[in-house]
Amino acid sequence: MEQSVLRGKAWVFTDDVDTDLIYHNKYLAETDPKKMAQFSFEYYPGKENFAKEAKPGDFVVAGRNFGAGSSREHAVYCLKELGIPVVLAENFSRIYYRNAINNGYPVLFVAGLSQAIKDGKIKDGDELEVNIGTGEIKDVTNGNAFHGDAVTDLEKDIMASGGLIEYLKATATKK
Amino acid sequence: MGMTFAEKALGKAAGYPVKAGEVVTVEPHFCMSHDNAAPIAKTFKKIGVPKVWKPDHLVFILDHAIPAPTDEHAVNHKEIREFVEEQGIPHFYDVTSKGGVCHQKMCEEGFALPGLIMIGSDSHTCTYGAYGAFSTGIGRSEMAAAWATGKIWFRVPESLKITVTGKFNKGVSAKDLILKIIGDIKADGADYMSVEFHGPAIEAMSIAERMTLCNMGIEMGAKNAVCPPDQKVLDAIKGIEKTNEWEALWADEDAVYASELSYDLGELVPCVAKPHTVDNYAPIDEVKGTKIHQAFLGSCTNARIEDLRLAAGILKGKEVAVRTIVIPASWRVYRQALNEGLLDVFMDAGCVITNPGCGPCMGNHEGILAPGETCISTANRNFKGRMGNKESFIYLASPMTVAASALKGEIADPREVL
């Protein structure tokens, strides 16, 4: 897993960002992950241009219950394809979390992030430094630091393979 | 120390006793997919296993966009039919008069059974808890993996016990209870947890009402939601069971819960979830008079015969003031409504009745909203843009509240028309 420090801009979201806001049901018939990136956050008020303006390496930062709602994996694929290296949130909806792990997409559980967003301690456009391996997060713009809990041992094998399907393929080859 | 339902169901599947927090790998029983079986089939093929592990454990039910409204949907459906043929999958509900909304079909066809581990590539798979199943929604990759391996991992969830007592007052129903609970504990209030419904009021409820409760478990973040597999459930599944491997399991009296809540039905009033989150609870008095442009009576949450009867009771002999879309949950429900004269009631009132399926619930077709429009709906989600337009507004409510509102053209209190 990536142990080096990543640097990028923060795109900050609220609590309860649901799957329709991340990837709207209008585009569910799309099956090519590469084409999903362009629709990321199209329905999120004030971030309609996210897909055009976010640069590979930027971070999605959110409060509680990120990815609430539908089981659609598009909501993981679109951010992954856009080059967002990790989603930082206070916590994730259960299905979003599983979908992320099963696609080898890192997410960090960051205690206190929801309140920090509300208090303006981490804002849109802030420069962040994130170490996915250790969970250390630094807001370079204002000096605030956060800590994210990385995946547990359970999911590490799946993540290391690049996702559940890759993991199964590798396991099948070994036999 | 006693065990929760989740501990018992997952322990039985694992073959050894388990406790909350442990991780188990189990063989799921039925694996349900709807129109998204097409992309799952593609992912499945990438794994390199030629055949699914047990074809008769897969259930495919087309419902999200039927009959196909676009060429993309049509292609998806075609790919599913080809995969069904290729893999010899016996349980396939195509666009026919045997079909309907997937969760309704899973229940009325005898797939949802007590104690089974059931997974579905749809977040509302938690509905089957009304029959005492451990059922939960998963993503597509994970479903493809389950088809290939016959295995899925679960962290045994902590449990939330909700004890319900009392009786509904006039005009109040199971939808009002679940909207109130979600409003209280919020959209992540049961994150990762197993929600158990207990108490005399649950025992008194019909299975249809229990389905409404369990269906919306996901809207508070739950992994699964479940009601006791009592005599009502045993009677309902008698003769239709798709397997004999089920077992009625329930929590021990001294099970340990992460949290406990209790509700008295007598204290509830008709209510809504305001735009744009399901936990945005408001009692009817607070929103009464809000102008609406459309009413929707349908979805896996509230379109069973019991729901249609309640709505028809309010609409009988009257005329709706706004366009009102009625979509029975399955063709079986449709036929029953026809035989009971309910479809006549809806048509006489000016409602549009469409074929069973998900319809406009997630914005596919049959009732998309225009910018600035407001819909009152019996469905389970009111996310921004859920019904197709991000400048529209969705209020969630019970069938009675939706029917009363349709008559007035504004959000209305069903108690005033009953």
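Read-outs throughout are calculated quantities, based only on the coordinates presented, and are distinct from any laboratory measurement. Fair warning: this is a prediction, and the values are worked out from it, not measured in the lab. Neighbour counts run over all protein chains shown; Cβ positions are idealised from the backbone, glycine included.
A Cα-only calculation for chain A places Rg and Dmax at 15.5, 53 Å. With the convex hull drawn around the C-alpha atoms of the protein assembly as shown, the volume per residue stands at 140 Å³. Think of each Lys and Arg Cβ as +1 and each Asp and Glu Cβ as -1; about the Cα centre, that makes the dipole of the range B:85-203 roughly 360 debye. Just checking the listed ones, B:P55, B:P28, B:P114: in the Gaussian network model of chain B with Cα springs under 10 Å, the one fluctuating most is B:P55.
With helices as the sole contributors, chain B gives -9000 deg cm²/dmol at 222 nm; each DSSP H run of n ≥ 4 counts as -39500 (n - 2.57), and the sum is divided by every residue. Relative contact order of the range B:5-239: 23 percent, from C-alpha pairs under 8 Å at least 6 residues apart in sequence.
Rounded, prolate or oblate: which one fits the range B:182-248, using the alpha carbon gyration tensor with axes a ≥ b ≥ c (rounded when a/c is under 1.5, else prolate when a/b beats b/c, else oblate)?
Prolate, since a/c reaches 1.5 and a/b exceeds b/c.
When you restrict to C-alpha pairs under 8 Å that are six or more residues apart and normalise by the size of chain B, the relative contact order lands at 18 percent. Non-local lysine pairs in the range B:270-416, meaning eight or more places apart or on different chains, with alpha-carbon distances under 12 Å, amount to 5. What shape does the range B:108-221 take by its C-alpha gyration tensor, where a ≥ b ≥ c are the square roots of the eigenvalues and a/c under 1.5 counts as rounded, a/b above b/c as prolate, and the rest as oblate? Taking the square roots of the gyration eigenvalues as a ≥ b ≥ c, the range B:108-221 is prolate. Hydrophobic long helices, here whole DSSP H runs in chain A with Kyte-Doolittle means of at least -0.5 and Cα atoms spread over 27 Å or more along the helix axis, are not found. Let a ≥ b ≥ c be the square roots of the eigenvalues of the Cα gyration tensor of the range A:14-60; is it rounded (a/c under 1.5), or, if not, prolate (a/b larger than b/c) or oblate? It is oblate, given that a/c is not under 1.5 and a/b is not larger than b/c. Cross-link pairs exceeding 21 Å in C-alpha to C-alpha distance, out of A:K55/B:K42; A:K47/A:K121; B:K8/B:K151; B:K19/B:K232; A:K121/A:K156; B:K42/B:K242, comprise A:K55/B:K42; B:K19/B:K232; A:K121/A:K156; B:K42/B:K242. In this simple spin-label model, placing a label point 7 Å from the Cα along the Cα-to-Cβ direction at both B:L418 and A:L6 gives a separation of 5.3 nm.
Put a plus charge on the Cβ of each Lys and Arg, a minus charge on the Cβ of each Asp and Glu, and nothing anywhere else: the dipole of chain B about its Cα centre is then about 600 debye. The distance from the alpha carbon centre of the range A:25-70 to that of the range B:118-197 is 26 Å, rounded to a whole number. Taking every residue in B:131-141 and counting other chain Cβ atoms within 10 Å of its Cβ, the average works out to 5. When only the Cβ of Lys, Arg, Asp and Glu is charged (+1, +1, -1, -1), the dipole of the range A:5-174 relative to its Cα centre reaches about 300 debye.
Reducing the range B:300-358 and the range B:45-113 to their Cα centroids gives an inter-centroid distance of 26 Å. Projected over every direction and averaged, the convex hull enclosing the alpha-carbon atoms of the range B:270-416 yields 7.2 nm². Bridgeable lysines around B:K238 (alpha carbons under 17 Å apart, same-chain partners fewer than 8 residues away excluded): B:K105. Within the shell of other residues whose beta carbon sits under 14 angstrom from the beta carbon of A:G143, the net charge comes to -2, with Lys and Arg scored +1 and Asp and Glu -1. Using a simple spin-label model with pseudo-atoms 7 Å out from Cα toward Cβ, B:Q231 and B:K51 lie 4.5 nm apart.
Over all directions, the average projected area of the alpha-carbon convex hull for chain B comes to how many nm²?
Average of the hull's projected areas for chain B equals 18.5 nm².
With both labels modelled 7 Å from their Cα along Cα-to-Cβ, the B:K238 to B:T70 distance reads 4.7 nm. Within a straight-line Cα-Cα reach of under 16 Å, B:K45 can be paired with the following aspartates and glutamates, leaving aside sequence neighbours fewer than 8 residues apart in one chain: A:D32, A:E166, B:E79, B:E82, B:E85, B:E86, B:E142.
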